[in-house]
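The values are calculated or read from the model by the stated rules, or taken from the named source; none is laboratory data. What you see is a predicted model; the values in this text were computed from it and never measured. Because the Cβ atoms are built from the backbone with ideal geometry, glycine has one as well, and the counts that use them run over all protein chains shown.
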Amino acid sequence: MSQLEKKIQNDIEAYLKEHENKQLLRFITCGSVDDGKSTLIGRLLHDSKMIFEDQLAAIKKDSKKTNTTDGEFDLSLLVDGLQSEREQGITIDVAYRYFTTDKRKFIIADTPGHEQYTRNMATGASTADLAIILIDARFGVQTQTRRHSFIAKLLGIKHIIVAVNKMDLVDFDESKYTEICESYLEFSKELGMTSDITLIPLSALNGDNVVNISDQTPWYKGKTLMGLLETIKIDEDRDLVHFRMPVQYVNRPNLDFRGFCGTISSGIIQKGDEITVLPSGEKSTVKEIVTYDGNLEHAYAQQAITLTLNDEIDISRGNVIVKSDEQPDCAANLDVDIVWMSEEPLTIGKQYFIKRASTQTVGTIENFYYKTDVNTLKQTSTNALNLNEIARAKLDLEQSIAFDSYDENKAMGSFIIIDRVTNNTVGAGMIRNKSDNQDKKELKHSDFLIELNTLIKKYFPNEKSNIIG
């Protein structure tokens, strides 16, 4: 009987409580076509005893038809579920898999390697804490390796594991591994990557250094891939200083209760803290922090809560609640990076819905600063953005929004672009900063509203309704 089975048998409630409190790590696998991404995930699940017997039986059966290896069964079939993926032996769509160990819970996104599926990789990477970039030991750093590293940097992934795979095909040659490591680290410096980078030699097909240490690499003194995944520190990645809570819903069940619901994007909030509501600029203090399990004295990032305030001020969905002494920027003109995901090109001047957290407004692209070739990383001028292309642009919004740079706060610095006719999501963006030449009229209008609210509160203290932007 395994340790897991003993735990469940002895005290199921204690096991479930322990499982609930495990830290969650989200990570993606990326690399060139046929570098072994899906096989690596299959090996992680198999050697971690995370595959049910019926799943294993089904994979063995399917392997008789579409086995791309010489083994008893093809581990890549655990994540390559589409018929077209199995026929071609490549990953097309993003496949998510969940598993757990004694130390952590994991959500894996197996992302495609081919250039035409760049949007799929960006989707998987947008929520990842860590990226595993695979390199085929026979070929070293390739164009697609550079492209995936660039996208990982663009999307702010703070931890990178470079897995030099298929070491069995180069006889576990240490000099070959060292050469690849030096080449990648040199490239990462040129790219300006600030991520924590760890390199590891492995063979996903045979399981060398995946979950168990390999006898084939006595010269490698580091941890296995699973060891790295279980121990890499991600606590410091969260911003616990700057409190941000986009309001998702105003809860008004009766006349005696009015709460503002949302998930905390970053920071910590306590009873009695002074808060500011943006964009109106209204201030109040926290009366209660309400949750399903009871009231709290304080709450922190990723918790879903309801705040009640000591003052009756106007707050609605789309507003952002922040601490008064930790306010973000507000602007209507933003410099952004955009990943385009639609067959129809993104053009200058066309209006789209721009959705950031619970805030939605209308925006247009005023101009493109440059487009980046994801293969060569060369920057060129452009007037439109096609499917899977990436560009830096100036985004003009109909109203100012509160934001943080994407590098500082993903939730407050990311947005999606929605077609106003079809309601399809056609692009994703990352806010870098506010544009130098802000729309003076928009800023003046916003300042006017804040000043007007202040005057109303001063001369009509009993007035409950305030004007907001």
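Please go through the stretch 214-234 and give me each residue that is free of Cβ contacts under 8 Å to residues at least 60 places away in the same chain and closer than 23 Å to residue 107 by Cα, ordered by number. Write out each step before concluding.
Kept after step one, since they are free of Cβ contacts under 8 Å to residues at least 60 places away in the same chain, are these residues of the stretch 214-234: 214-224, 227, 233.
Once the filter is applied, which keeps residues that are free of Cβ contacts under 8 Å to residues at least 60 places away in the same chain and closer than 23 Å to residue 107 by Cα, the stretch 214-234 yields 223, 224, 227, 233.
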Residue match in the stretch 256-264 (condition: surrounded by fewer than 20 Cβ atoms within 10 Å (Cβ to Cβ), hydrophobic (A, V, I, L, M, F, W, C), farther than 18 Å from residue 316 by Cα and modelled with pLDDT of 90 or more): no
Long-range neighbours under 9 Å by Cβ, at least six apart or interchain, first residue closer than 24 Å to residue 189 by Cβ within the stretch 371-395, second among the polar types (S, T, N, Q) and at pLDDT below 90: 374/118; 374/388; 375/143; 375/144; 376/143; 390/118
Among (1) exposed (fewer than 15 other Cβ atoms within 10 Å of the Cβ); (2) touching a helix residue (DSSP H, G or I) at 6+ places or on another chain (Cβ under 9 Å) - the single one residue 298 does not satisfy: (2)
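Which of the residues that make up the stretch 280-308 are under 24 Å from the mean Cα position of the chain (by Cα) and on the phi < 0 side of the Ramachandran plot?
Those that are under 24 Å from the mean Cα position of the chain (by Cα) and on the phi < 0 side of the Ramachandran plot: 299, 300, 301, 303, 304, 305.
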Scope the stretch 95-107; condition at pLDDT 80 or above and either assigned by TED's automatic domain parsing to the domain that holds residue 415 or closer than 25 Å to residue 429 by Cβ (or both); matching residues: 107
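Quickly run through the stretch 294-326 and pick out the residues that are in contact with a His (Cβ under 9 Å, 6 or more places away or on another chain) and modelled with pLDDT under 90.
To start, the set of residues in the stretch 294-326 that are in contact with a His (Cβ under 9 Å, 6 or more places away or on another chain) comprises 322-323, 326.
Of everything in the stretch 294-326, just one residue is in contact with a His (Cβ under 9 Å, 6 or more places away or on another chain) and modelled with pLDDT under 90, namely 326.
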